[in-house]
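Student: The following block contains the structure, expressed as C-alpha cells.
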Amino acid sequence: MSVISFSEALRARSWSRHGESEGAGFMSDLMKGEGTREDYIALVAQHYFIYDALEGVAPTFADDPIATPFLSEQLSRMPALEADLAFLIGPDWKERIAPLPTTERYVARIREIAAEGWAGGFVAHHYTRYLGDLSGGQAIGRLMQRHFGFETNGIGFYIFDQIANPKEFKEAYREQLDAAPWDEAEQERVIDEVLRAYEFNTKLFEDLSRAKAAA
C-alpha cells in the first residue's frame, strides 16, 4: 500500500477550500472580465498589506531550521506590488489604500504566528500564498493583461522573473514540505493553518464585494 506524502495530503485536504476561494463572486467576476480596473486595484492593495506582513516577519525565521529552506528572495513580491500600485494609482498610492477588515485579521494572524515563533504556521501561510501565486496566479496575471490591456506594468506581482522553471520550483518546495521533521500532530496543525489561510482569502473576496457594493 502506497503511503501518501505530507505535501499530497496537504494538497488534497485544501483543494476544496482553494476552489471556494477562486469561486468567490468578486474574483470570479474579475477573471471573467466582468470586474473593473478599480476592482483589480482594490485587490492589489489588499495583497500589499498581506505580503508586507508575510515578508516582514520572514527575518524572524531566518535561523529556524524548519522555515529556512522555504525562504527565498526569488519569491519576494513586495517590490513588484509597490511598482504595480505606483503604476495603477500614482506616486501617492500609499496614502490612498487601506486594509479591509479581513486583511487586518489576516495580517494580525501572520504576526501572531511570528510572535509565537511557530515555524509551521509561517510555512503554512508561505505555502498558501506563494505556491498559489506560482500556480493559478499565473493564469490570473494573463487574464488581467487581456482584460485591462496591461503589458507588464500593473501585473508585476504575477511575474516571477527570477524563477526560470516554476514547475521545478514547486516540486522542490513540496519535497521540502515532505522533509520537514513534523510529527502527525504538527502536520495536522499545519494543515489546519493552511485551511485558515484559505478562509481568510475567501472572506477577503467577500469584503471586496461589500466594499464595491457600498461604493
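The values are calculated or read from the model by the stated rules, or taken from the named source; none is laboratory data. Remember, it's a predicted structure, so these values are computed and weren't measured experimentally. Cβ atoms come from the backbone with ideal geometry, glycine included; neighbour counts cover every protein chain shown.
Student: Which one of these is under 19 Å from the mean Cα position of the chain (by Cα) and farther than 18 Å from Ser14 by Cβ: Phe169, Phe205? Walk me through it before giving the result.
Tutor: Working: Phe205 fails: farther than 18 Å from Ser14 by Cβ.
Sole residue among the options that is under 19 Å from the mean Cα position of the chain (by Cα) and farther than 18 Å from Ser14 by Cβ: Phe169.
Student: Sticking with this one: Among the residues in the stretch 120-135, are any farther than 17 Å from Leu75 by Cα, at pLDDT 95 or above and surrounded by fewer than 21 Cβ atoms within 10 Å (Cβ to Cβ)?
Tutor: Step one: list which residues in the stretch 120-135 are farther than 17 Å from Leu75 by Cα, which gives 120-121.
After this cut, where a residue has to be at pLDDT 95 or above as well, the list is 120-121.
Okay, now just the ones that are also surrounded by fewer than 21 Cβ atoms within 10 Å (Cβ to Cβ), so 120.
Yes, the stretch 120-135 contains at least one residue that is farther than 17 Å from Leu75 by Cα, at pLDDT 95 or above and surrounded by fewer than 21 Cβ atoms within 10 Å (Cβ to Cβ).
Student: Residues of the stretch 178-215 being closer than 20 Å to Val3 by Cβ and aromatic (Phe, Trp, Tyr), which ones?
Tutor: Once the filter is applied, which keeps residues that are closer than 20 Å to Val3 by Cβ and aromatic (Phe, Trp, Tyr), the stretch 178-215 yields only Trp182.
Student: Of the residues that make up the stretch 49-67, is at least one at pLDDT 95 or above, over 30 Å from Pro181 (Cβ atoms) and not acidic (Asp, Glu)?
Tutor: Checking the stretch 49-67: at least one residue is at pLDDT 95 or above, over 30 Å from Pro181 (Cβ atoms) and not acidic (Asp, Glu).
Student: Scan the stretch 200-215 and tell me whether some residue there is in contact with a Gly (Cβ under 6 Å, 6 or more places away or on another chain), modelled with pLDDT of 95 or more and either in a helix (DSSP H, G or I) or polar (S, T, N, Q) (or both). Quick ask: steps written out before the conclusion?
Tutor: Step one: filter the stretch 200-215 for residues in contact with a Gly (Cβ under 6 Å, 6 or more places away or on another chain), giving 209.
In the following step, the residues that additionally are modelled with pLDDT of 95 or more were identified as none.
So far as the stretch 200-215 goes, no, none of its residues is in contact with a Gly (Cβ under 6 Å, 6 or more places away or on another chain), modelled with pLDDT of 95 or more and either in a helix (DSSP H, G or I) or polar (S, T, N, Q) (or both).
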